[in-house]
Amino acid sequence: MPQALLWQKSTYSGGGEGDTCVELAASPRCIRLRESDSPSTHLRTTPTPLAGLLLHLKASR
């Protein structure tokens, strides 16, 4: 039986109540991302591309 994913809210999410954040969950083979207001839709990636995306986003500020 597959283990349930442990979703964690991003520290950059608004911090308010409700469905206004990005959540991450690590599984043995990938990292999953979802938006709180659409929890059934997941994006899958691995650490290297995710790190590249985060570096790009931080540099774009």
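The values are calculated or read from the model by the stated rules, or taken from the named source; none is laboratory data. These numbers were taken from a predicted model, which means no experiment stands behind them. As a convention, Cβ positions derive from the backbone with ideal geometry for all residues, glycine included, and neighbour counts pool all protein chains shown. Side chains are part of the model used for accessible areas, which takes the heavy atoms of the whole protein and leaves out ligands, DNA and RNA. Shrake-Rupley method; radii C 1.70, N 1.55, O 1.52, S 1.80 Å.
Have a look at 5, 55, 50, 33 and point out the one that is at pLDDT 90 or above, open to solvent by 50 Å² or more (accessible area, probe 1.4 Å) and not polar (S, T, N, Q). Selected residue: 55, the only one of 5, 55, 50, 33 that is at pLDDT 90 or above, open to solvent by 50 Å² or more (accessible area, probe 1.4 Å) and not polar (S, T, N, Q).
Only one residue in 34, 61, 29, 44 is of a type in the set (D, E, K, R) and in contact with a Phe, Trp or Tyr (Cβ under 9 Å, 6 or more places away or on another chain). Which one? So the residue among 34, 61, 29, 44 that is of a type in the set (D, E, K, R) and in contact with a Phe, Trp or Tyr (Cβ under 9 Å, 6 or more places away or on another chain) is 34.
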